[in-house]
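Nothing in this text is a laboratory measurement; each read-out follows from the coordinates by a stated rule. Predicted, not measured: the structure shown is a model, and the values here were computed from it. Note: ideal-geometry Cβ built from the backbone for every residue, glycine included; neighbour counts use all protein chains shown.
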Amino acid sequence: MLRSLASLFFYARFVRSFSALGYRRAVGDQDSLAPDFSGQTWLVTGATGGIGRSIALQANHHGARVLAVARSQDRLKALKSEADKPGRLVPLAADLSLVDTVRQLPSKRSVQNRPIDVLVNNVGVLLNDHRVTEEGLETSFATNLLGPFVLTEELKEAGWLAADGVVINVSSGGMYGSPLKLEPMNCTDPDRFDGMNAYAMHKRALVELTRWWNGQWQGGPVAHVMHPGWVDTEGVRTSLPIFRKTLQRVLRTPEQGADTVLWLADQRPSPEPDGGIWLDRSLQPEHEFAWTRRSPHTAEDLVAYLRRMAG
């Protein structure tokens with residue numbers, strides 16, 4: 001009962017801004033996007049479904065060479081067939097929940113073709129059932145946070161992120177429901193696992209990680225974190241069926257969810273990183289509730305923890 005009341009309060013608090021109503025109110029009067037990404041190379045994770053699929057196809061449509069990363073070869077093949085410029089969409093099959101697999105991506109010939117101008121860490125899963133990877137990590141933690149961290153660090157270390165490029169981390173409005181935590185993010189005890197809380201913790205950590213990268217990189221490249229609002233995706237249909245049934249009429253389309261990613265990538269020079277999280281082309285506060293500010297951990301603690309988890 002308490003969990004249901006908390007969820008009801010959360011949804012009521014954000015329905016006007018996170019739904020399609022909020023998107024239309026915030027973006028409806030702004031200019032339509034007409035970017036030119038010609039000559040750019042993008043790498044998009046989680047590229048075969050929902051928001052990631054929309055990002056990959058739209059970036060390709062506007063001229064970018066897109067490295068599309070996802071697990072399924074068949075879905076990557078289907079994505080390529082849908083692209084306006086299929087010769088400029090490069091499928092890369094990889095399971096981002098496996099650290100060893102992620103570490104191999106920067107050595108792929110297609111990745112080394114030229115520096116990546118836009119890296120979109122989009123992949124994300126909300127699991128109701130507890131799962132552990134073959135490397136002994138809770139699957140959603142490895143997918144949502146550890147995989148993107150390792151991929152970004154490896155690409156940066158190898159020199160495959162363009163110095164004038166952009167890294168865009170796709171978080172979630174769910175992060176407003178969690179402070180920064182460390183060990184609880186990788187819950188290997190099935191009796192203590194809560195998929196929704198885990199997802200919120202992972203997405204909060206992405207916000208902290210973005211700030212840390214900007215402090216380390218000093219603009220070369222710039223990192224941004226955004227959240228797409230409430231989008232009607234396959235993941236929502238599978239993991240949050242009651243939420244979807246209740247709010248289906250006002251959920252965003254994947255294209256609406258992808259809008260801010262494409263807008264951020266089109267900004268030259270990129271907006272100065274100054275904290276906050278982007279929603280509908282506008283920088284929003286990182287916290288909505290005072291209690292989520294109260295964490296004993298820093299971004300430096302988070303990075304040390306992720307490095308330890310990555311081995």
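Note on the chain: with a GNM built from Cα contacts shorter than 10 Å, the maximum mean-square fluctuation among Ala83, Ala68, Ala47 falls on Ala83.
Compactness of the chain is given as radius of gyration and Dmax, 18.1, 54 Å, from Cα positions. Sorting Val69, Val236, Val111 by the number of Cβ atoms found within 10 Å of their own Cβ, with the fewest placed first, yields Val236, Val111, Val69. Ranked by the mean number of other Cβ atoms within 10 Å per residue, highest first, peptides 182-193, 150-161 order as 150-161, 182-193.
Here Ala304 and Asp100 are evaluated by their C-beta separation; at R0 = 22 Å the FRET efficiency comes out at 0.60. For the residue pairs Lys85/Lys203; Lys181/Lys245; Lys156/Lys181; Lys80/Lys245; Lys156/Lys203, the C-alpha atoms sit more than 29 angstrom apart in Lys85/Lys203; Lys181/Lys245; Lys80/Lys245. Among Ile51, Ile116, Ile242, sorting on how many other beta-carbon atoms sit within 10 Å of each Cβ, with the fewest leading, yields Ile242, Ile116, Ile51.
Relative contact order of segment 43-191, taken over Cα pairs closer than 8 Å and 6 or more residues apart, is 22 percent. Among Phe243, Phe37, the ranking by other beta carbons within 10 Å of each residue's beta carbon, starting with the fewest, stands as Phe243, Phe37. Taking 13 Å as the straight-line reach from the Cα of Lys108, the aspartates and glutamates in range (excluding those fewer than 8 positions away in the same chain) are Glu154.
Rounded to the nearest 20, the Cβ-based charge dipole of the chain about its Cα centre (Lys and Arg +1, Asp and Glu -1) stands at 600 debye. Could you point to the residue in Leu302, His227, Phe141 farthest towards the positive end of the chain's charge dipole, with +1 and -1 charges on the Cβ of Lys/Arg and Asp/Glu respectively? The residue sitting most towards the positive pole is His227.
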